[in-house]
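To keep things clear, I will list the structure first and then write my remarks on it.
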Ligand code: BGC
């Protein structure tokens with residue numbers, strides 16, 4: 001690896017099959033510097049290959065010279081709904097370049113709010129929502145732009161539009177007094193010239209500020225844009241900014257600044273409407289045919305002052321009219337409404353600092369609009385796509401596509417629960433879905449960034465909040481939970497806080513990445529200590545003997561199983577207490593699971609003392625579960641499907657009770673007519689637990705079920721994303737107030753990957769692969785490809801005239817065991833193979 005001609009690291013020839021996560025062992029890197037690297041490979045067959053790439057560093061030891069500048073316009077008290085928030089503002093700095101021979105120019109930028117950057121009228125890239133959503137008080141990203149080709153000799157202008165974003169959102173704004181609502185910017189430009197000289201352009205009191213045509217922008221309510229207030233050429237040279245106000249210097253922190261890690265949010269697809277129709281109420285409605293997260297781009301030539309209102313929504317009511325399915329939207333103002341007021345010219349408008357969860361849009365306008373004027377812009381964190389899946393069953397294909405769409409919609413700067421109602425980093429949702437997310441996209445950097453925020457948000461007693469970043473109304477909710485819990489210390493909940501262990505562990509399993517385990521180790525350990533401490537120090541409700549009770553984490557504030565179908569009415573819990581009671585089995589088992597993960601992690605990282613301590617404590621927790629939760633007849637304290645699922649899945653059932661626990665699970669399923677009755681926390685394990693007791697047939701029965709509640713019921717109802725609740729419509733077709741775009745139940749894709757495509761592993765990161773497809777009745781074909789860290793893994797099987805044929809692709813530096821349906825087994829190295837049986 002080199003900096004210009006200086007070699008920073010020469011590994012020499014290394015004989016190894018480690019082709020992933022090789023650590024850098026060279027000299028320390030310098031700030032704001034370009035590096036290039038190349039790698040030469042010789043295979044064991046004598047073939048050679050070479051590749052090279054480059055990267056650059058951000059601020060390492062270098063200090064920021066730029067100053068934080070804030071807007072002189074006071075932030076007004078906000079009101080709910082479109083138009084109730086603060087206007088976005090233009091920030092502008094003019095600077096001269098006298099040397100025409102520019103070698104390299106970079107700008108490092110961040111803000112309080114969200115910004116779009118312009119250089120002399122042009123944006124350097126298409127990222128949106130910079131600096132993204134993090135725990136700003138401890139972790140604020142800055143972005144780096146290569147602007148070498150955008151600068152010119154003479155006058156140049158740097159422009160920023162700054163809107164409210166998460167920083168100033170009523171839902172998310174910090175309750176920390178040091179982080180009051182404001183629009184403020186920080187930028188530092190470094191220009192290197194060919195003659196060896198260099199120059200800095202900094203944010204300082206020369207920055208001028210004006211209000212913009214964006215009169216209000218809010219992540220939930222939407223944007224209000226008045227094109228009559230546009231100031232043509234505001235970010236170009238020659239513009240007269242004398243009426244603009246001077247920026248105010250503010251003494252802000254630099255310690256929380258970190259370079260952006262992971263792909264930015266970008267427009268990733270465009271979708272044209274499927275149809276435009278007039279609803280029974282006479283509304284003009286556009287259907288894009290796909291539920292998604294994003295915005296509408298509209299082209300218009302309306303007369304001056306004409307209003308165009310776009311109301312985004314996920315589903316019409318049962319008659320086909322506009323319907324807002326957001327719970328309590330009337331109170332919260334989450335109306336997903338964008339308003340454009342025409343400047344009287346041909347225009348293209350796309351909202352700047354809001355996004356919506358929608359498939360439909362109601363258009364309100366006094367003038368005629370045409371379907372061709374509208375395009376849906378799909379927005380998402382632009383992670384690399386890792387695979388595809390296709391079978392001979394079109395419903396299963398649709399289920400897979402729905403999962404992918406919910407993933408796109410919810411990997412949006414942070415892992416969110418849904419794009420329309422909350423846009424919040426619920427920890428439970430991502431721990432449920434992490435393995436599937438890793439299968440479909442390269443989310444290692446994305447999840448790494450989020451986990452760093454989990455660490456920032458961990459409380460002093462080790463509790464991990466339910467939502468990360470924990471800000472705004474969720475901070476209040478957390479305080480309320482402390483109150484309910486009774487002793488005012490921070491609380492963490494089973495299945496949510498466990499994300500601290502499950503997410504890094506899933507990342508390690510799927511990629512072989514031990515770096516994330518090293519990075520997260522202290523956070524994981526503090527979380528497990530919190531569990532152990534809470535179990536020990538609070539008496540459980542079950543009145544068990546102390547030697548059992550002290551090892552059962554069934555105390556503290558808990559959510560329990562979320563959205564168990566039989567426990568909900570109209571999309572919400574029938575009785576919160578019943579749901580919370582389900583924590584009697586969820587909490588001890590999730591607590592035990594986290595401690596086991598920690599013990600394994602300690603062993604992988606060579607922390608022997610911790611390994612033996614947490615192995616020992618895991619054994620005690622397991623023993624307490626066996627003696628305290630599973631009765632003589634193999635019954636769990638609550639006769640819920642999920643209770644049996646967890647006990648079986650995690651091998652917690654003593655040998656002599658396995659048969660009876662298995663019978664209870666099957667009984668619960670059959671009493672429920674082979675439909676689903678597991679909530680968020682146990683669904684990921686449902687089909688696997690059936691396979692474990694030898695009932696693959698039942699697992700497929702549940703997967704292929706089309707009656708409600710089931711995965712394919714949603715598909716048959718025309719779902720294009722995964723619903724929050726299988727029961728999202730009443731029997732008469734009226735939508736209930738839940739979201740239609742929650743990825744949690746899409747976790748079934750992980751099972752389909754392992755069972756239908758048959759791709760599994762016997763060593764983390766697919767170092768050792770197991771290929772063993774299970775063939776569902778009536779399927780004749782399945783093909784899946786997955787770009788693992790080692791390279792492409794593919795299985796493609798067909799059944800033709802009773803002959804099972806499979807093509808398999810195994811990447812370099814891995815081996816595979818291929819198990820055929822007739823029982824024959826083949827052991828292979830990397831390469832492409834064909835087998836028949
Ligand atoms: C969210 C869920 C979340 C849950 C936890 C809901 O409002 O949408 O996805 O996990 O709250 O209680």
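None of 492, 512, 472 is in contact with a helix residue (DSSP H, G or I) (Cβ under 8 Å, 6 or more places away or on another chain) and within 16 Å of the ligand (Cβ to nearest atom) except 492.
When each of 497, 462 is tested for being in a loop (DSSP other than H, G, I, E, B), within 16 Å of the ligand (Cβ to nearest atom), touching a residue at least 12 places away in the same chain (Cβ under 8 Å) and crowded, with 20+ Cβ neighbours inside 10 Å, the lone residue that passes is 497. Residues of region 424-449 that are over 17 Å from residue 788 (Cα atoms), more than 16 Å from the ligand (Cβ to nearest atom) and in contact with a helix residue (DSSP H, G or I) (Cβ under 8 Å, 6 or more places away or on another chain): 448 alone. If you go through region 670-704 and keep only what is over 28 Å from the mean Cα position of the chain (by Cα) and closer than 20 Å to residue 401 by Cα, you end up with just 700. In the set 752, 787, 761, only one residue is closer than 29 Å to residue 505 by Cα, in contact with a strand residue (DSSP E or B) (Cβ under 8 Å, 6 or more places away or on another chain) and outside any strand (DSSP E or B); that residue is 752. Criterion applied to 646, 621, 638 was being in contact (Cβ under 8 Å) with a residue 40 or more places away in the chain and assigned to a loop (DSSP other than H, G, I, E, B), and the one residue passing it is 638.
Screening 379, 399 for residues that are in contact with a helix residue (DSSP H, G or I) (Cβ under 6 Å, 6 or more places away or on another chain) and in contact (Cβ under 8 Å) with a residue 60 or more places away in the chain leaves exactly one candidate, 399. For region 709-732, the set of residues classified as away from the ligand (no atom under 16 Å from the Cβ), in contact with a helix residue (DSSP H, G or I) (Cβ under 8 Å, 6 or more places away or on another chain) and not in a helix (DSSP H, G or I) consists of 709, 710, 719, 720, listed by residue number. Residue check: residue 804 meets all listed conditions (1) at pLDDT 95 or above; (2) not in a strand (DSSP E or B) but one, namely (2). Name every residue in region 176-210 that is within 24 Å of residue 241 (Cα to Cα) and within 33 Å of the chain's Cα centre (by Cα), in order of residue number. Answer for region 176-210, where residues must be within 24 Å of residue 241 (Cα to Cα) and within 33 Å of the chain's Cα centre (by Cα): 182, 183, 184, 185, 186, 187, 188, 189, 203. Within region 8-39, the set of residues being free of Cβ contacts under 8 Å to residues at least 12 places away in the same chain and surrounded by 11 or more Cβ atoms within 10 Å (Cβ to Cβ) comprises just one member, 22. Of all residues in region 733-751, those being touching a helix residue (DSSP H, G or I) at 6+ places or on another chain (Cβ under 7 Å) and either within 11 Å of the ligand (Cβ to nearest atom) or farther than 20 Å from residue 440 by Cβ (or both) number 5.
So that you can scan it fast, the table gives a plain yes or no per residue for (1) surrounded by fewer than 22 Cβ atoms within 10 Å (Cβ to Cβ); (2) within 34 Å of the chain's Cα centre (by Cα):
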| site | (1), (2) |
| --- | --- |
| 605 | yes, yes |
| 620 | yes, no |
| 632 | yes, no |
| 645 | no, yes |
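Scanning region 364-411 for residues that are out of contact with any strand residue (DSSP E or B) (no Cβ under 6 Å at 6 or more places or on another chain) and within 16 Å of the ligand (Cβ to nearest atom) returns 403, 406, 407, 410. Residues of region 649-686 that are surrounded by 18 or more Cβ atoms within 10 Å (Cβ to Cβ) and part of a helix (DSSP H, G or I): 649, 657, 661, 662, 664, 665, 668, 669, 683, 684, 685, 686.
Please determine whether any residue of region 618-629 is touching a strand residue (DSSP E or B) at 6+ places or on another chain (Cβ under 9 Å) and within 14 Å of residue 646 (Cβ to Cβ). Looking for residues that are touching a strand residue (DSSP E or B) at 6+ places or on another chain (Cβ under 9 Å) and within 14 Å of residue 646 (Cβ to Cβ), one finds none in region 618-629, hence no.
Every residue, every condition in (1) under 24 Å from the mean Cα position of the chain (by Cα); (2) more than 18 Å from residue 451 (Cβ to Cβ), yes or no:
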| site | (1), (2) |
| --- | --- |
| 466 | yes, no |
| 478 | yes, yes |
| 484 | no, yes |
| 512 | yes, no |
| 520 | yes, no |
| 524 | yes, no |
| 537 | no, yes |
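Of the candidates 553, 527, 562, 505, the single residue that is more than 16 Å from the ligand (Cβ to nearest atom) and assigned to a loop (DSSP other than H, G, I, E, B) is 553.
Results for (1) crowded, with 20+ Cβ neighbours inside 10 Å; (2) over 25 Å from residue 626 (Cα atoms), shown as yes or no for each residue.
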residue: 531; (1), (2): yes, no
residue: 538; (1), (2): no, no
residue: 560; (1), (2): yes, no
residue: 563; (1), (2): yes, yes
residue: 567; (1), (2): yes, yes
residue: 577; (1), (2): no, no
residue: 582; (1), (2): yes, no
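Among the residues of region 337-388, those identified as in a strand (DSSP E or B) and within 14 Å of residue 223 (Cα to Cα) are 337, 338, 339, 340, 341, 349, 356.
Return a yes/no flag: does region 217-228 have any residue that is in a strand (DSSP E or B), closer than 23 Å to residue 405 by Cβ and in contact (Cβ under 8 Å) with a residue 12 or more places away in the chain. Within region 217-228, one or more residues are in a strand (DSSP E or B), closer than 23 Å to residue 405 by Cβ and in contact (Cβ under 8 Å) with a residue 12 or more places away in the chain.
In the set (1) free of Cβ contacts under 8 Å to residues at least 24 places away in the same chain; (2) more than 27 Å from residue 134 (Cβ to Cβ), residue 255 fails one condition alone, (2). Answer yes or no as to whether residue 778 is more than 16 Å from the ligand (Cβ to nearest atom), over 14 Å from residue 806 (Cα atoms), surrounded by fewer than 20 Cβ atoms within 10 Å (Cβ to Cβ) and in contact (Cβ under 8 Å) with a residue 12 or more places away in the chain. Against the criterion (more than 16 Å from the ligand (Cβ to nearest atom), over 14 Å from residue 806 (Cα atoms), surrounded by fewer than 20 Cβ atoms within 10 Å (Cβ to Cβ) and in contact (Cβ under 8 Å) with a residue 12 or more places away in the chain), residue 778 qualifies.
The values are calculated or read from the model by the stated rules, or taken from the named source; none is laboratory data. Just so it is clear, the structure is predicted and the values come from calculations on it, not from any experiment. When we count neighbours, we look across all protein chains shown, and the Cβ atoms used for this are built from the backbone with ideal geometry, even at glycine.
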